[in-house]
Each structure stands twice: as C-alpha cells, then as structure tokens.
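Chemist: Sharing a structure below in structure tokens format, with a few things to ask.
The values are calculated or read from the model by the stated rules, or taken from the named source; none is laboratory data. In this text the structure is predicted, and so the values were computed from the model without any measurement. Here the Cβ is made from the backbone with ideal geometry for all residues, glycine too, and neighbour counts use every protein chain on show. Ligands, DNA and RNA are stripped out before the accessible areas are found, and what is left, the full protein with its side chains, is counted by its heavy atoms. Shrake-Rupley method; radii C 1.70, N 1.55, O 1.52, S 1.80 Å.
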Amino acid sequence: MSTTMAEILGRARVVPVLEVARADDAVPLARALAAGGLTVIEVTLRTAAALAAVAAILDRVPACTVGVGSIRDGAMLRAARDSGAAFGVSPGTNPDLLDAACATDWPFLPGAATVSEVMALGARGLTVQKLFPAALLGGTAFLRAVAGPLPDVRFCPTGGITAETAADFLALGNVLAVGGTWIAPRDLVARGDWDAITRRAAAAAAL
Ligand code: 3PG
C-alpha cells in the first residue's frame, strides 16, 4: 500500500514550508533542516526555481521526504506529482484541484478554512487537511471547536504558527503536524545561514 498523508505527517510532526528563490540553495537548505532533525519538508510553488529545487533535493538529499506546496489547480498538482515529490499541499481547494487530487492516490493535503470546506473535502475521502491560515481562523480554539462535530478529520494547521505557539497545536488530538515558514525564513535562506536554520529545526524537532 502506498504511503498516506497521515503517515507522512505523523512521522514529521513539524513541516518546514520553504520558498526557494535559487535552486542552488535547495540542497544546503534541505541538509540543514535534516541535520536539525526535520526530514519532511514542503517546497512551495511560489518561485520559478521550485521544481528545480525539488529535483535537486530528490537527487542529493535522500534523507528528506520532499513535498510540493502552494498547489492551486489540477495542472499544478499533476506537475508536482510528476516531479517525483512525495506529497502535495494546497492552501485551499476548487473543483478542478479536487478532481485531480481524487484521480490519483498520490498523497495530498488539501487546504480548508471553514467547517463547510472541511466537510466537503471529507465527503471526497480527504480527511487529512491543512487548516489555513490557522492562526487567523482562531488557531487552537478553532481546532478544539471542530473536534466534536468533525471527529474523523485530522489537521496540519499552517499560517501564522510560530516557535512559541507550535507546541500548543501539537498537543491537540486532531492535529497530526504543524507547518510554517518560521523554521527557514526567507532572509536566513537568502543569507545562506544554514547553521541558524539547523538550530531552528532542532528546536522545532524537539517540540
Ligand atoms: C503556507 O503556505 O503554509 C503558509 O504560507 C505558511 O504560513 P506562515 O508563513 O505564516 O508560516
């Protein structure tokens, strides 16, 4: 049986969300995160270098399980899957994206922001979801509130989560993992401060 999104997230607990502007940064960045203990990472499709970054990590950092994030339509999902990445992530969902996701068993984490969206995804069999933007939606209070009426759905909240708040999310029974950019923010990547990123990853891995 293929690896599921729940297995990937359950192993990860903390997923660094990355914006890689230069493909050359991808390998040292992934190695820095793995050195800190974070081996499940998400490269977002927000830069022209994103898929080249994924290819480099797949080729040269086998310790990493690399996914593709910021997927917004079916064509992007198919391109991400065909890149060889282990999983995909979207900030929200639309019919085209949902059809593409359901046409494959490639592990996919669809975004939801309302109870109705969570229910619509659950009806299509997607019961592991990204809550985004989690902090703005009420953070842990939102997740506690939906645990009763939506007991079969588990979340990876992202959006506004910090080193200080991540543990509160991880303590919840309906949270498999948390994601965010705080571990490898753009300025540290731009400066090539891999030691600082390893320290942040180690702190997050210890949560
Ligand atoms: C994402 O794509 O998951 C978010 O941009 C992460 O949000 P953050 O930058 O607030 O961590």
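Chemist: Measuring from label point to label point, each 7 Å out along Cα→Cβ, what is the ALA190 to VAL27 span in nm?
Modeler: Taking the two extended label points, one gets 2.5 nm.
Chemist: So what does the Cα-only Debye profile of the chain read at q = 0.16 Å⁻¹, as log10 I(q)/I(0), no solvent term?
Modeler: Listed by q, the Debye log ratios stand at -0.99.
Chemist: Stokes-Einstein diffusion coefficient for segment 58-135 at 37 °C in a medium of 0.692 mPa s, Rh from the Kirkwood formula over Cα pairs: what value in µm²/s?
Modeler: Here the translational diffusion coefficient equals 258 µm²/s.
Chemist: What full-extension length gain, to one decimal in nm, is calculated for ASP168 and ALA55 as 0.36 nm per residue of separation minus the Cα-Cα distance?
Modeler: Computed gain between ASP168 and ALA55 is 37.3 nm.
Chemist: How much mean residue ellipticity at 222 nm does the chain get from its helices, if each DSSP H run of length 4 or more adds -39500 (n - 2.57) and you divide by all residues, to the nearest 500 deg cm²/dmol?
Modeler: About -11500 deg cm²/dmol.
Chemist: A follow-up question, please. Over the Cα atoms of segment 102-185, what Rg and Dmax result, in angstrom?
Modeler: 12.4, 38
Chemist: In segment 5-205, what percent of the accessible surface is made up of carbon and sulfur (1.4 Å probe, ligands and nucleic acids excluded)?
Modeler: The C+S portion of the solvent-accessible surface of segment 5-205 is 54 percent.
Chemist: Evaluate the Kirkwood expression for the hydrodynamic radius of segment 127-175, namely the inverse of the mean inverse distance over all pairs of different C-alpha atoms, and round to one decimal in Å.
Modeler: Answer for segment 127-175: a Kirkwood hydrodynamic radius of 10.6 Å.
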